[in-house]
1. Output the number of the condition that A:Ser301 fails; it satisfies all remaining conditions of (1) polar (S, T, N, Q); (2) out of contact with any Gly (no Cβ under 9 Å at 6 or more places or on another chain); (3) without any contact (Cβ under 8 Å) to a residue 60 or more places away in the chain.
2. Out of all the residues in the range C:264-278, is one or more free of Cβ contacts under 8 Å to residues at least 60 places away in the same chain, closer than 24 Å to A:Gly105 by Cβ and surrounded by fewer than 23 Cβ atoms within 10 Å (Cβ to Cβ)?
3. In the range C:211-241, which residue that is assigned to a loop (DSSP other than H, G, I, E, B) and closer than 28 Å to C:Gly181 by Cβ is nearest to the chain's Cα centre (by Cα)?
4. Are any of the residues in the range A:199-220 on the phi < 0 side of the Ramachandran plot, modelled with pLDDT of 95 or more and surrounded by fewer than 19 Cβ atoms within 10 Å (Cβ to Cβ)?
5. Within the range C:107-126, track down each residue that is touching a strand residue (DSSP E or B) at 6+ places or on another chain (Cβ under 6 Å), facing chain B (nearest Cβ under 7 Å) and surrounded by fewer than 24 Cβ atoms within 10 Å (Cβ to Cβ).
6. Is one or more of the residues making up the range A:19-40 of a type in the set (A, V, I, L, M, F, W, C), surrounded by 18 or more Cβ atoms within 10 Å (Cβ to Cβ) and farther than 22 Å from A:Tyr214 by Cα?
7. Of (1) more than 8 Å from every other protein chain (Cβ to nearest Cβ); (2) polar (S, T, N, Q); (3) surrounded by fewer than 20 Cβ atoms within 10 Å (Cβ to Cβ), C:Gln168 satisfies all except one. Which?
8. Can you pull out the residues in the range A:22-58 that are over 21 Å from A:Gln78 (Cβ atoms), touching a Pro at 6+ places or on another chain (Cβ under 7 Å) and not polar (S, T, N, Q)?
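The values are calculated or read from the model by the stated rules, or taken from the named source; none is laboratory data. For clarity, every value in this text was computed on a predicted model and none was experimentally measured. Reconstructed Cβ throughout: ideal geometry from the backbone, glycine too, with neighbour counts over all protein chains shown.
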Amino acid sequence: MARVKSFPRTILDAFKGRSFLSTLDFNRPELSELLDLAMQHKHGRIDPGTPLTGKAVGLVFFDPSLRTRTSMTIAIQQLGGVPVPLHVGSETWTLEFREGAVMVGESEEHIREAAPVLSSYLDAIGVRCFSRLQDYEQDKAETVLSAFERYSSVPVINLESSTQHPLQGLGDVLTIREKFGTLDQRDVVLAWVHHPRPLSMSVPNSFSLAATQYGMNLTIACPPEYGLDPEVFKQVEDSAQANGGSVRISHNLEEACKGAEVIYARSWGSLDFYGRLEQEVELRQQYRDWIVDRQLMSLASRGYLMHCLPVRRNVEVTDEVLDGPRSLVIQQSANRLHLQKTLLSLILR
Amino acid sequence: MARVKSFPRTILDAFKGRSFLSTLDFNRPELSELLDLAMQHKHGRIDPGTPLTGKAVGLVFFDPSLRTRTSMTIAIQQLGGVPVPLHVGSETWTLEFREGAVMVGESEEHIREAAPVLSSYLDAIGVRCFSRLQDYEQDKAETVLSAFERYSSVPVINLESSTQHPLQGLGDVLTIREKFGTLDQRDVVLAWVHHPRPLSMSVPNSFSLAATQYGMNLTIACPPEYGLDPEVFKQVEDSAQANGGSVRISHNLEEACKGAEVIYARSWGSLDFYGRLEQEVELRQQYRDWIVDRQLMSLASRGYLMHCLPVRRNVEVTDEVLDGPRSLVIQQSANRLHLQKTLLSLILR
Amino acid sequence: MARVKSFPRTILDAFKGRSFLSTLDFNRPELSELLDLAMQHKHGRIDPGTPLTGKAVGLVFFDPSLRTRTSMTIAIQQLGGVPVPLHVGSETWTLEFREGAVMVGESEEHIREAAPVLSSYLDAIGVRCFSRLQDYEQDKAETVLSAFERYSSVPVINLESSTQHPLQGLGDVLTIREKFGTLDQRDVVLAWVHHPRPLSMSVPNSFSLAATQYGMNLTIACPPEYGLDPEVFKQVEDSAQANGGSVRISHNLEEACKGAEVIYARSWGSLDFYGRLEQEVELRQQYRDWIVDRQLMSLASRGYLMHCLPVRRNVEVTDEVLDGPRSLVIQQSANRLHLQKTLLSLILR
C-alpha cells in the first residue's frame, strides 16, 4: 500500500508547510491530485501512516461545530498527532484583533500574542470563526482568520471563516466526483432555499469557487436580492473560464433545476439587507416556496441533492427528499474525514 | 495474560457490535460473564490490549458529567481509540428530535442528520441526556436516546438517559460482587433519601433491575408518594422471579434497613407530582428525616453504604457515614472504569 | 540520547509521586536540576520517551486558560498519557468545598467525593482556580487547591491557584537562564503596571519567590498601595537571604528600572482595597502612567521585557516594546511546554 512519503512530488511541494485558507490558493492540478489522494484514502489504497507523530494541531472554535470538530479530532489523532480543541471565550481568554488597540475593554488577550504563543506549541492551527452578519465590510475583511494567518508561524487551516469554507467546498466536489467519476461539464445548481434567518456567504462562495475550479457548469439559483458578492462572482467567472466550465445566475428555481445533475441546497443572507435583521427576515418571508421538494427533484431526473448541513428540515428541503435515495448529504459529511486526513498528511509531513 | 481475543465465544457474540441501552437487553449468563471479565480486568488478569486502534468513540453530552466523562475518556484512549467529547448546545448545534418537524424554531440540526453523520466518523456513540422532569410521558419515551439508536448505524452506549443508567447499575453490582463474592440472595435496600429537589428515576430504575437480574433480594424503601413507575416495577418483579431473587416495597426506612447487607442511598422525584416543582419540593420537606446516618447504619450491622454520586452531604447521607469504613461510594465509581473498558472491548473488538 | 530513567537519582527521588503546589516545596538543588533537565529537553538532548503510557492526567479548570491548557494537553499526550480536561460548572457538577456543609444549596458534589473519585481514575490532577478577589483571607486560604491536595491520593499540580502560579514562575526563571546563562545576581525588576481592573497576586508571588530562590537581585516596583502580602514578602526575603540574592521595594518605576536586566511587567490588585472593586479601580486610575514603554526600556539598556500573558496592549506595555527585539514574552510561554514535560516525566515516572 502506498505511504504518504510516496505521494507525487508536485503535490508534496505544493502543500507542505502551507496554510489552507481558500481553494483559490491552489491551482487545478494541485487540487486534482488532492482529490485523487483523498479518494484513494477513502478506498484504503493509501496508508497515510502516522506522519503527525510528535505533532499537535489546535482547533480554535469561536463558533459551534459538529462535523468539523469530530472529523478533525479523529483525523489528527489517527495520523498520530495531538488534537487540542480550544473554545474561545468559554475555555480561553477573549481575544482582541484591532491593531493598536488600547486594551481597556473586555478583551483580555491580543491575537499578536495568542497566535505566536499557540504557534510555539502547535504545528498547525485550525480556526473556525463565522461571519457576524452585522457589517459586511468587516466580515469580508476576514479579521480573525487573516490575523491568525499573519501572526502564526505555523500553517493555518480554515475551518470556516466569515466568507469561506474551503474544506466543505472540496469535500463537496469530492462527493460529486465519487458519484459521477468525472467533474468537467457536470451540471450543478447552487439553489438558494428558505431559512428562518440570514446565514453566512461562506458555503455558497466556497462551493461556487470549487465547482468552477474543477470545470463544472454552475447555475446559481436565487431570488434577485440574493446574489453573491460581485467581487466573488467575478472570481467564480474567472475560475469557470480558466477551467473550461461556466457560471450563470437564474432567478427561477424550477427553470434552473431542469436537467441538473446536482442540486446543492443552501440558504444565505441578502447582501443588500446586511445587518438589518428584521427587514431581511421580512424579505425572505416572500421566498418561503424556495424549498427543495419532490416536485423540484423530479425536474432533475438524474439529479442528486446535496447540502452542507446542518439543514432545516421541511424549510430548506423536505423530509421526503432528505430521506430519499437521491440525497448525498451524509456521504458529503463522511467525505470530509478522508479529505482532511489527506490534507493534514500533505501539510504536516 | 489472557487477551481480549481469547474471551469466551458466547460473550463475544453477545456484545460485539451491539448497543448498550439497558441491562434488560442482555440475559443473566451474558451479564455474569461481563462482570467476571471486568473483575479480572481490575485485578490485572486480563490484558485488554488496544482493540480500539483506528477507532473513535463519541461522547455526546447534553448534561454535566464527572465520573462518566473522565472514565470513558480514559477507557477509550487506553484501549487505543480516539475519544471525541461533544457538548451539545455549547460546542455543537442544538438538535431537533421531533419527526416531521418544520424547523423554523431554535433547533439547527435534526437527529436524522446528526446521528448518521456521527456514525460515518465514529465506531460507537455514547449519549448522556437526563430526564427533563417536566413531562413524565416524554421522559419515559426516551426521545433522545432512542432517536440516536434509531438513526445511528453504529452501537449506541447509554451514558445515562432519562430513565436508565445501566453503566451505573452494572458498576454497582460489580462492587457488591467484589465485596461479598457472590450476588444471589444478597439483601440490598434501595433507600430513598431527602434532597433539596426532585431527581431523575434513572439510577433507581437501573439499580433495581440490575440487582434483581443478578438474583438479589431487593427492598425499595421510600415514602408512599415515591414508588417506582408501575411498569418498571413490573419488570423488576419479573426479573426477580426469573433470577431467583425477590423485590418488596417498604415505607419504613428503619424497618427496611434492619439486617441489610447494602443500603443504596438515592433520591428521586415523585411521579405523582412530576412537573410540579413547587409542590414536589413542599412534599419532600416532610421527609427530611430520610437520611442515612450512623443510627440507620447500625441497624444494618453487616451493611455497607452505596451511592452513585454526586451525593448531598448531610442531606442524603451524613459526613460520618460517608467518611466511615462501611462506605463503598468511591469504590463504586472506581469500578466504572474497569466495567467500561471491558464493555468497550467487547462491543468494539 | 539520555532517557528519563537515566535522570540523576536525587531529582528523581525529589519529584517522583509528589504534588507540585509551590516552588517553596523544593530546595534549590532540586529546582536547579529541574531547570537543567528542562533546558536539555528544549535542546533535544534528552528524550523523555513515553513514561506516561497507561497513565491519565486530569486538568480541572475553574477558570479560562490558553497557554496552560494547550501546553499541558500536548505535554501529557506526547509523553504517552491521556489528558482529561474538565471544566467545572459547565461540563461537570458544581463543587462544594466547605467542611461539614449541609448541602441544600447549589453545589451538587463535595470535593471529598470528587477528589477521591478522580484519584481512582487519574495518575495526577492539575487544578486551575483563580483568586475570587472578594475576600483576601479566603483567597489566601487556597480553599480549592488545598482541598484537592487533601482529598486526592495522587499528585496535585498547581495550574494557577489564588496565590501561586509556580509553573509560570519556574518557566520565567528558565527563560532568564536561557537568555543570560546564569541566574545568580541577575538584576530583575517586577514592575507593577496599570490594568483596567485588579488582578490576582499569584504571578507576582510566584515570580518573586522563584527569582529569589535562584539567587537573583529582585526589585519590586509598585505604587505604595500595591505591596505584596507581608507574609509572602517575608518568604521572599528569607529565600533571597538563603540563596545569596536580595529583594527591595521601590515606589519609583523609573528609578527601579535603571540598569535592570529584566523588567517583568505585571499588574495586580491592592490588598488594602481587596473586595472593594469601585474604589480599587478609582485608585488605580492615578497610576495610568505605570506602563512599560520605550522610554522606560531605554533606562534598562541591557534589559529584556517579560510578561506572563495575557497582556493588555498599550495599557500594561506599549505595542512598540511588546513587538520589539527585547521582548521575551513569546519565549516565556514556549518554555512552559518544556518545563511541564520535564516535570510530568519526573513526577509520573
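1. The one condition A:Ser301 does not meet is (2).
2. First, pick out the residues of the range C:264-278 that are free of Cβ contacts under 8 Å to residues at least 60 places away in the same chain: C:272, C:276, C:278.
Now drop any that are not closer than 24 Å to A:Gly105 by Cβ, which leaves C:276, C:278.
Filter again for surrounded by fewer than 23 Cβ atoms within 10 Å (Cβ to Cβ), leaving C:276, C:278.
Taking every residue of the range C:264-278 in turn, at least one turns out to be free of Cβ contacts under 8 Å to residues at least 60 places away in the same chain, closer than 24 Å to A:Gly105 by Cβ and surrounded by fewer than 23 Cβ atoms within 10 Å (Cβ to Cβ).
3. To start, the set of residues in the range C:211-241 that are assigned to a loop (DSSP other than H, G, I, E, B) comprises C:214-216, C:222-223, C:227-229.
With closer than 28 Å to C:Gly181 by Cβ added as a condition, the list becomes C:214-216.
On the way: C:Tyr214: 15, C:Gly215: 18, C:Met216: 17 Å.
Per the criteria, the residue is C:Tyr214.
4. Taking the range A:199-220 first, the residues on the phi < 0 side of the Ramachandran plot are A:199-214, A:216-220.
The next check asks that each one be modelled with pLDDT of 95 or more; those that pass are A:199-214, A:216-220.
Applying the additional criterion that residues be surrounded by fewer than 19 Cβ atoms within 10 Å (Cβ to Cβ) yields A:199.
The answer is yes; a qualifying residue exists.
5. Selection gives C:Glu109 alone.
6. no
7. Unmet for C:Gln168, out of (1) more than 8 Å from every other protein chain (Cβ to nearest Cβ); (2) polar (S, T, N, Q); (3) surrounded by fewer than 20 Cβ atoms within 10 Å (Cβ to Cβ): (3).
8. Start the filter on the range A:22-58 by keeping residues that are over 21 Å from A:Gln78 (Cβ atoms), which leaves A:22-33.
Now drop any that are not touching a Pro at 6+ places or on another chain (Cβ under 7 Å), which leaves A:22-23, A:33.
Residue satisfying the conditions is A:Glu33 alone.
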